[in-house]
1. Excluding same-chain pairs closer than 8 in sequence, count the lysine pairs in region 40-181 whose Cα atoms lie under 23 Å apart.
2. Thinking of region 1-61 as a set of Cα atoms, what percent of all their pairs are more than 16 Å apart?
3. Give me the aspartates and glutamates in straight-line cross-link reach of Lys184: C-alpha distance below 20 Å, same-chain residues under 8 apart excluded.
4. Can you bin region 111-209 into rounded, prolate or oblate? Criterion: square roots of the alpha carbon gyration tensor eigenvalues sorted a ≥ b ≥ c, rounded for a/c under 1.5, prolate for a/b above b/c, oblate for the rest.
5. Classify the chain from the C-alpha gyration tensor, please: rounded if a/c falls under 1.5, else prolate or oblate depending on whether a/b exceeds b/c.
6. When the accessible area of region 85-145 is computed with all protein chains present and a 1.4 Å probe, what percentage of it is carbon and sulfur?
7. Just to confirm, what accessible area per residue do you get for the chain at 1.4 Å probe, in whole Å²?
8. Taking DSSP loops as anything outside H, G, I, E and B, show the longest stretch in the chain free of trypsin sites (Lys or Arg not before Pro) there with at most 10 other beta carbons within 10 Å.
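The values are calculated or read from the model by the stated rules, or taken from the named source; none is laboratory data. Note that the structure is predicted; figures quoted are calculated from it, not measured. Heads up, the Cβs are rebuilt from the backbone with ideal geometry, glycines too, and the neighbour counts pull from every protein chain shown. With ligands, DNA and RNA removed, areas are computed over all heavy atoms of the protein, side chains included. Shrake-Rupley method; radii C 1.70, N 1.55, O 1.52, S 1.80 Å.
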Amino acid sequence: MGPPGSGKGTQAKRLADRFQIPHVSTGDMLRQAVQSGTDLGKEAAPIMASGGLVPDELMIGIIRERLAQPDATSGYVLDGFPRTTEQAEKLEPILAGNGGGSARVLQLLVPDDLIVGRLSGRLSCIKCGSAYHQKNNPPKVANVCDRCGSELTVRPDDTEQAVRKRLESFHRQTIPVVAFYRNKNVLHEVDGNAPVDQVFERIERFVGE
Ligand code: AMP
């Protein structure tokens, strides 16, 4: 969990690579649907571009289907889901069915006033979901993804107006989900305001425990 631009995607990918388990990012799945022009993509595109949240029933359906795939039987890293209390409640029986007794939740802490700077200048790969930053973390070859070689683009929801709405929705709809997991004693907070490697070390330390 964490606000937009806190490094969820970058850290979730690393964690998934480290443990050889799938990285399940609802944002990546939606962006791929938008790019392929599926019905889901057509419905989600305007909502995403404005910085809003896609309806819960749709998201829960997508996650239920994804976590039923055979590669998800030995664990997975969820990134960007759940984002509302409704999604968190509907995830519970799915987790229970997947041996979810050991589910853990990481929250990346990054102050709001750093978010806009992190997101303006972000370059994203729609194919594999990798993220770069024009200044702080540029790709080796300009506009080309180091990981998969695809062209990098600026996400349509990284505009200042959409970022403000995404932050607002994080505070209003997703912070209650953080409280939901805190009450279950499975939440771990990690200071995300540090270089990528350092944040990953903090995460590994927690997961190692
Ligand atoms: P992300 O890549 O996680 O920042 O997600 C990008 C956008 O996809 C969000 O701003 C939402 O519009 C949509 N989205 C991703 N995950 C969810 C979710 N769990 N619930 C609702 N909308 C979502």
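1. Numbers: Lys42/Lys127; Lys42/Lys165; Lys127/Lys135; Lys127/Lys140.
Step by step, the pairs that qualify in region 40-181 add up to 4.
2. Working: 963 of 1830 pairs.
Every Cα pair in region 1-61 considered, those over 16 Å come to 53 percent.
3. Here the aspartates and glutamates satisfying the reach criterion relative to Lys184 are Asp79, Glu86, Glu89, Glu92, Glu209.
4. Values: a/c = 2.18, a/b = 1.38, b/c = 1.58.
The shape class here is oblate.
5. Details: a/c = 1.31, a/b = 1.17, b/c = 1.12.
Verdict is rounded for the chain.
6. Working: 1830 of 3310 Å².
The computed percentage sits at 55.
7. Values: 11080 Å² over 209 residues.
For the chain, the per-residue accessible area is 53 Å².
8. On the way: sites that count: Lys135, Lys140.
Here the longest run is 1-134.
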